[in-house]
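*Asks:* Below you'll find the structure I mean.
No lab work stands behind these numbers, since they all come straight from the coordinates. Quantities reported herein were computed from a predicted structural model and do not represent experimental measurements. Virtual Cβ from ideal backbone geometry, glycine too; neighbours counted across all protein chains shown.
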Amino acid sequence: METISIHKLWSTQLQDSVNCLAVGKPFMEDFSEENDVLIGTTAGRVLILNQTKPVECLLETKGGSIQSIKLHDLTGYGALDLAVGDCDGVVTLFSKQKILSKRELGSAITDIVVYNDLVGGCEIIAGDMNGIVTSFQQHDALWKINISEESSKLTTLATKGRKSPSIRCMLSTIIKDRFNMDMACLLVCDGWPLVHFIQNGERIMSLRTPTVIQSLCSGNFLDSNGLNKLKHAIKRRENEEKLDMQQVLMAGKDGFVYIMVNFEILQWIKVGFSITNILRWRPSSIKEESTDLLICTGHSNQVLIFQNGEKIAMIPTSDWPHAVTLGDVNADGKDELILGLLDQTIDVYECSMMNSGV
């Protein structure tokens, strides 16, 4: 049996609010080994932070409050470029610290993901407050879909009240289709209790969810025994082996984490507070046969960590964690957990898994 050890590496208090986080080495101008923490703030600035140097302003978008940032090699030159979405509805792409392009989408950006297809291509996908999802590359618009319209079409008279059209979360992932073939897909959730499956700008399927979904992630979270507990129809196997197929997890506004198995959404973990972020974490020290860890944050002064549906750790925080990410910030080859709290604090934690010998 493995046990988890968590240790706070460092903490910094900022003058700006923390809206979103990323970890990496943008633009490759700095050749130090440590990655930087990038912080999107309400002032339209991207700050850069490292344990070994004070907070600096990396760049200014000349726009509104920054809602989402993503690091990715968008130009194909090997360096990490930066996609920044703001409250004015503008996505700005930066390469080598220069503005590569600006794209106006019309309403506040709520999420940005990089979509990867099965043949190595990538698209930048932005969701906005009006429920529009837009796909583009650095100079080309690809497609656009109105998710709020799709949700409205699918709802019944039994659905009470007007729901928010705003895109809550998106996930680019590869899942198995009904014929057990790999399928690259974009999952999108808005203010309705639905998850939409998008390919090439078309909605190919939608599933009802028990509540509004506020965060999505994918990984190997179930072993065969855990799957057996969820679906009693499946024969129990003798060994508790990690399942090869990835599962998609969904964080509910109602305080539950849901898991999708064979396109069926099942209640899995009771967290106990409205969940705003879930993340897959796989520490390098974890056994190969062990399932991934799940990080949950939301409307509570704590971070909860689960494995196989069981809580294995709790990290108390000074305020609600508003932004959460993972990345190797101290060049030790292991991903650290980085939290941006509502009280403008950045906390960095390291985690290791140890064999207890039981």
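*Asks:* On a 26 Å Cα-Cα criterion, which of the cross-link pairs Lys153/Lys229; Lys70/Lys311; Lys53/Lys311; Lys53/Lys253; Lys102/Lys144 come out too long? Intermediate values should be presented prior to the final figure.
*Replies:* Values: Lys153/Lys229 35 Å; Lys70/Lys311 29 Å; Lys53/Lys311 35 Å; Lys53/Lys253 38 Å; Lys102/Lys144 17 Å.
Correct reply: Lys153/Lys229; Lys70/Lys311; Lys53/Lys311; Lys53/Lys253.
*Asks:* Separate question: Quick one: what are the phi-derived ³J(HN,Hα) couplings along the range 309-319, Karplus 6.51/-1.76/1.60 with θ = phi - 60°, whole Hz, x for glycine and proline?
*Replies:* x, 10, 6, 10, 7, 9, 10, x, 10, 6, 7
*Asks:* While we're looking at this one, here's another question. Excluding Leu341 itself, calculate the net charge of residues whose Cβ lies under 11 Å from the Cβ of Leu341, where each Lys or Arg counts +1 and each Asp or Glu counts -1. Write down the numbers at each step before the final one.
*Replies:* Working: positive: none; negative: Asp319, Asp343, Asp347.
In short, -3.
*Asks:* May I pose another question? Check cross-link reach from Lys287 to the lysines: straight Cα distance under 17 Å, and skip same-chain residues fewer than eight apart.
*Replies:* Answer for Lys287, where 17 Å is the Cα cut-off: Lys242, Lys334, listed by chain and number.
*Asks:* Given 0.36 nm per residue, what is the gain on full extension from Lys98 to Phe179 after removing their alpha carbon distance, in nm?
*Replies:* On the way: separation 81, 0.36 × 81 = 29.16 nm, distance 4.53 nm.
Fully extending the segment from Lys98 to Phe179 adds 24.6 nm.
*Asks:* Tabulate in residue order the Karplus-calculated ³J(HN,Hα) for the range 83-92, using 6.51 cos²θ - 1.76 cosθ + 1.60 with θ = phi - 60°, rounded to whole Hz; enter x for Gly and Pro.
*Replies:* Here the 3J(HN,Hα) series is 10, 10, x, 10, 6, 8, x, 10, 9, 10 Hz.
*Asks:* Which of these, Lys153, Lys287, Lys334, has the largest mean-square fluctuation under a Gaussian network model of the chain (Cα springs below 10 Å)?
*Replies:* Top of the fluctuation ranking is Lys153.
*Asks:* For the range 43-54, just list the computed ³J(HN,Hα) in residue order, Karplus coefficients 6.51, -1.76 and 1.60, θ = phi - 60°, integers in Hz, with x standing in for Gly and Pro.
*Replies:* Values, residue by residue: 8, x, 10, 9, 8, 10, 9, 8, 4, 8, 8, x Hz.
*Asks:* Among the aspartates and glutamates, which fall within straight-line cross-link reach of Lys8, defined as a Cα-Cα distance under 18 Å, with same-chain neighbours fewer than 8 residues apart omitted?
*Replies:* Output for Lys8: Glu34, Asp36, Asp319, Asp328, Asp332, Asp335, Glu336, Asp343, Asp347, Glu350.
*Asks:* So, R0 is 30 Å and r is the distance between the beta-carbons of Thr42 and Asn116; what FRET efficiency does that work out to, to 0.05? Working shown, then result.
*Replies:* Working: r = 30 Å, r/R0 = 1.01.
So the FRET efficiency works out to roughly 0.50.
*Asks:* At most 16 other Cβ atoms within 10 Å and a DSSP loop assignment: could you name the GluC sites (Glu not before Pro) in the range 245-325 that fit? It would help to have the intermediate numbers written out before the result.
*Replies:* On the way: sites: Glu264, Glu288, Glu289, Glu310; in loops: Glu288, Glu289.
Those that pass, being in a loop and sparsely packed, are Glu288, Glu289.
*Asks:* Label-point separation (nm) for Gln51 and Leu266, each offset 7 Å from Cα along Cα-to-Cβ?
*Replies:* 4.0
*Asks:* I'd like to compare 182-191, 111-120, 14-23: which one has the highest average count of other Cβ atoms within 10 Å, and what's the full order after that?
*Replies:* Values: 182-191: 21.2, 111-120: 15.4, 14-23: 18.9.
Those peptides, ordered most packed to least, come out 182-191, 14-23, 111-120.
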